[in-house]
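> Attaching a single structure in C-alpha cells format; questions to follow.
Readers should treat all values here as calculations from the given coordinates under stated rules, not as data from a laboratory. Since this is a predicted model, take the numbers as computed values, not measurements. Here the Cβ positions follow ideal geometry from the backbone for every residue, glycine too, while neighbour counts run over all protein chains shown.
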2 protein chains.
Amino acid sequence: MNYVLGIDGGGSKTLCILMDAECQVLGRGAAGASNYQSIGVAAAIQSIHSAIQTAASEALKFTNTIQISAICLGLAGVGRSGDIEIVKSMVQELQNSQFLPITWDVQPANIVVCHDALIALVGGVGHDVGIVVAAGTGSIVFGRNHQGETKRVGGWGYILGDEGSAYKIAVAGMQAALKSYDGREISTSLVPNFQQHLGLQNIAELIEVIYRRGWGVKEIASLAPIVDLAAASGDELANNIINNAVKELVTSTSTVINAMFIPNSVVEIVTTGSVWRGKSQIHEKFTTAIVNHFPQVKVMFPRYEPAYGAGLLALQSLSISHEKFNSAI
Amino acid sequence: MNYVLGIDGGGSKTLCILMDAECQVLGRGAAGASNYQSIGVAAAIQSIHSAIQTAASEALKFTNTIQISAICLGLAGVGRSGDIEIVKSMVQELQNSQFLPITWDVQPANIVVCHDALIALVGGVGHDVGIVVAAGTGSIVFGRNHQGETKRVGGWGYILGDEGSAYKIAVAGMQAALKSYDGREISTSLVPNFQQHLGLQNIAELIEVIYRRGWGVKEIASLAPIVDLAAASGDELANNIINNAVKELVTSTSTVINAMFIPNSVVEIVTTGSVWRGKSQIHEKFTTAIVNHFPQVKVMFPRYEPAYGAGLLALQSLSISHEKFNSAI
C-alpha cells in the first residue's frame, strides 16, 4: 500500500496531508511557517517535519505502517527562480529523520516541488486543469490547460503588482481617505471608519501607523475589510476601489483564458484568498464579468484545500509520464 | 549689523545660507543629511553644524564678526507632528558650540522651525505668498495666502500618497512593463528600457532587483527618468503614466488654489523637484492645464533655492508680528 504526502508551505503556516492511492486523507497536520527564503532552511524543515509528524500520527490510527512513495511541496515564491534544488535537499533531510513514524521509498521523480498557485489550483478544482485566481494579501492568476501548459499573470508582489489583493485594496482605501481629507476627493465614510478601527483622533495619524509602527504588508492588508464594508454600505469611493480590484482580476483572468484555452471551452476557475470573502459582492461582480465574456467558464470556491492539491500532484507523479508532469511545475 | 541663517535640512544633504538684512548671501555651506528622525539627533546636529561652519567661514571674507540674530530651519517631516521642540533644542546645542566662528543673539521667537515645503515656497517665489508644487522622490503641494493661512495637500509618503512623484512614476512604469509582459497590456518600450538600464535578461528579474537587493524609495524613484524618456519617445503606456501624474498634480494644486485664494486672483506657483526636469513635457502639460482652469496664475521654476527661503523667513521673524508669522508654520 502506497501513501503520499502533500505539503502546503506558506509564510504563516504549513499544512500536511497524508493521502492513500484512492485520494483518501488519513492524516492532517499543521505547523508554523516554512518559507525558507525568509525564515531559513533549518526552521522551514522543522515546520514541515512537525506537520508531517502530526499527519502521520493521525494516520497511524488507521494503518500499522506508512510507506511514503511520493511527496509534493507547494511553496510560495518557488518556481520562478531556480531554488527547487534547495527544497529537494530539504526533503532529503526529512528522509534522514529518525523521528518520523514513516518509511520512505521515494524516487527522485516522485519528489515534486512547485509553487503555491499550482497546488491551490489542483486542490481548488480537484484536478489539474483550470485557473486559480488567488486574491489574499497578494494576488496571482495561474492556469493550466489539458496540454499541461501553464501560465501565470500577476504575482509580482506588493510594490510591482498584486492588483486586486487585500494589500492593494487597503492602500487604495487609505489613499482615498487622505485625498478626501485634503479636499481632493468627495467625502467618504472611509475617514471615520479607519479612524475608529485604528483608534486615531485624526486620519492624518495614518502616517504614524503606517510608517513609524513598522507595519508590514500583512498588517496593511488586514485593513482591506474596512474598505470592503464601506463599499457594502454604499460608500462611493470604497465602491470605486472594489470595482477597480474586480476589473484588475477580470483582466488578469481573461488574459490567462485567452492565452491557454480554445474559445468557448469549458474552464473551471477557482477563487482563493481572503478578498473573495468580502461583503461588497466582489465575488459576484467578478463572476458576472467573467461569465459575460466567457459564457462557458464556471467560477467556483475551492473544492479542497491546497495541501490536498499537493497530495493529488504527489499521486499523479506516481502514475503519469514525467514529461507531462514536469511541464506543470 | 545683523545676520541670519537659513537651513535646508533633508534626507541626503543640508544647506546653510548666511544672509544679511538686505537679503544678500555672504556665505553658503553644504553638509550631509540632517533628518534627525532617521539618522538621530546627534548626527543631524553635526551636519547642520558643519554647514553653518562652511557658510560662516565664507562670510568672514566679507566681514570681521558675525552675530546671528535669527535662524530658520526647514526640515522634511517637521510640522505635522509636534517635534518642533526637538529642533529648537538642537539649535540650543548649536549655540553652545565652541567651534562656530559666530556669536548668537537670538530670541526664542527668532528660532523658526518649519517644514521643507514652506522654505521651498518662500525661496521659490522669493516671498511668502503662493504655492509650491514639489515633485521629487515624494510629492506635496503647499500654499500660503496673503492672510498667512496655509494649506497642504498630499505629502503622505510613498505608501499612502506621493501622487505624481518620481517614486510613483517609476513604480507605475515597472507595473506597466510587467502587465505588458503578462499579456495584460499592449507592448511597451518600457520592457526593453528597464531591462537595459538594470542589466536584466528578462523583465521578470525586476522581482530580484526590487525585493531582494534591498532597494529603498530613493533607488526606486531614480528609475523615473526611464518612464519619462519612454513617454518623450512616444510610448503610449509611459505617456499614460506621465499624464496621470500631471492630472494628480493638477488636482492637488487646484484644491489648494480653490481653498485659499479668491477666484481670479494672481497666484505664483513654483514647481520644485526632479520630476519637472523631465523630457516628456510634464511641466508644459501641468502649466497648460492649470492656466486653463485659473488664467491668472503664473507657473514658474524657482527663483532661489529653499535655503535662501529659510533665510528670508529668518529675516521676516525679526520684523513681523509673531502671530502672523507663526500661522505660517
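> How large is log10 I(q)/I(0) at q = 0.10, 0.11, 0.12 Å⁻¹ when the Debye formula is applied to the Cα atoms of the protein assembly as shown, each weighted equally and without solvent?
Here log10 of I(q) over I(0) equals -0.96, -1.08, -1.21.
> Also, I was wondering about something else. Taking all pairs of distinct Cα atoms, average 1/r, flip it, and tell me the Kirkwood hydrodynamic radius of the stretch B:29-83 in Å to one decimal place.
Details: mean 1/r = 0.0788 Å⁻¹.
Evaluated on the stretch B:29-83, it is 12.7 Å.
> Would you compute, for the Cα atoms of the stretch B:233-275, the largest minus smallest coordinate along each principal axis and list the three values in descending order, in whole Å?
Computed over the Cα atoms, the extents are 39, 17, 13 Å.
> Another question, then. Over 18 Å, how big is the tail of the calculated P(r) for the stretch A:169-232, in percent of all Cα pairs? Each step should come with its number before you reach the end.
Values: 534 of 2016 pairs.
Taking all Cα-Cα pairs of the stretch A:169-232, the fraction more than 18 Å apart is 26 percent.
> Still on this structure, I have one more. Provide the net charge surrounding A:GLY309, with neighbours chosen by a C-beta distance below 11 Å and charges set as Lys +1, Arg +1, Asp -1, Glu -1.
Details: positive: A:ARG303; negative: A:ASP8, A:ASP116, A:ASP128, A:GLU305.
Net charge around A:GLY309: -3.
> Cut-off is 10 Å between beta-carbons; in what order do B:LEU26, A:LEU75 appear when sorted fewest neighbours first? Write out the running numbers ahead of the final one.
Numbers: B:LEU26 18, A:LEU75 29.
Least crowded to most crowded, the residues run B:LEU26, A:LEU75.
> Quick one: which residues, 5 or more positions from A:ASP162 or on another chain, have an amide H under 5 Å from its amide H? H modelled 1.01 Å from N in the peptide plane, none for Pro or chain starts.
Residues meeting the amide H criterion: A:SER139, A:GLY155, A:TRP156, A:GLY157.
> I've got another one for you. For chain B, what Kirkwood radius comes out of the mean inverse Cα-Cα distance, in Å?
Details: mean 1/r = 0.0478 Å⁻¹.
That comes to 20.9 Å for chain B.
> A further question follows. Which semi-axes, in whole Å and largest first, does the equivalent ellipsoid of the stretch A:61-124 have when worked out from the alpha carbon gyration tensor as the square roots of 5 times its eigenvalues? Before the final figure, lay out the partial values.
Numbers: eigenvalues 111, 48, 18 Å².
Whole-Å semi-axes of the equivalent ellipsoid: 24, 16, 9.
> Right, next: One quarter of the convex hull surface, Cα atoms only: what value does that give for the stretch A:129-176 in nm²? Can you show the working numbers first?
On the way: hull surface 13.2 nm².
Result: a mean projected hull area of 3.3 nm².
> Relative contact order for the stretch A:263-319: what percent, with Cα pairs under 8 Å and sequence separation of 6 or more?
Values: 37 pairs, mean separation 25.3, N = 57.
Across the stretch A:263-319, relative contact order equals 44 percent.
> Hey, another quick one. Report the net charge of residues surrounding B:ASP235, where surrounding means a beta-carbon distance below 15 angstrom and charges are Lys +1, Arg +1, Asp -1, Glu -1.
Numbers: positive: B:LYS179, B:LYS279; negative: B:GLU185, B:ASP228, B:GLU236.
Result for the neighbourhood of B:ASP235: -1.
> Now a separate question. What shape does the stretch B:127-302 take by its C-alpha gyration tensor, where a ≥ b ≥ c are the square roots of the eigenvalues and a/c under 1.5 counts as rounded, a/b above b/c as prolate, and the rest as oblate? Intermediate results must be reported in sequence, preceding the final value.
Values: a/c = 2.82, a/b = 2.05, b/c = 1.38.
Here the stretch B:127-302 falls in the prolate category.
> Can you list the copy-to-copy distances for B:GLU58, using a point 7 angstrom from Cα toward Cβ, in nanometres, shortest first?
7.2
> Moving on to the next point. D for the stretch A:1-107, whole µm²/s, Stokes-Einstein with Kirkwood Rh over alpha-carbon pairs at 37 °C and 0.692 mPa s: what number?
On the way: Rh = 13.7 Å.
D = 240 µm²/s.
> Starting from the Cα of B:ASN240, step 7 Å along the direction of its Cβ; do the same at B:GLN196; then give the gap between the two resulting points in nm.
So the label points at B:ASN240 and B:GLN196 sit 2.3 nm apart.
> Still on this structure: Rank the residues A:ILE17, B:ILE45 as a footprinting-exposure proxy: fewest other Cβ atoms within 10 Å of their Cβ go first. Mind dumping the intermediate values first?
Details: A:ILE17 30, B:ILE45 18.
Ranked by crowding around the Cβ, least crowded first: B:ILE45, A:ILE17.
> A further question on this structure: How high is the FRET efficiency between A:LYS13 and A:LEU318 when r is their beta carbon distance and R₀ equals 25 Å, given to the nearest 0.05?
Numbers: r = 27 Å, r/R0 = 1.07.
According to the calculation, E is roughly 0.40.
> Report for chain B the percent antiparallel among DSSP-assigned beta bridges with both residues inside it, nearest 5.
Working: 24 of 47 bridges.
Percentage antiparallel, nearest 5: 50.
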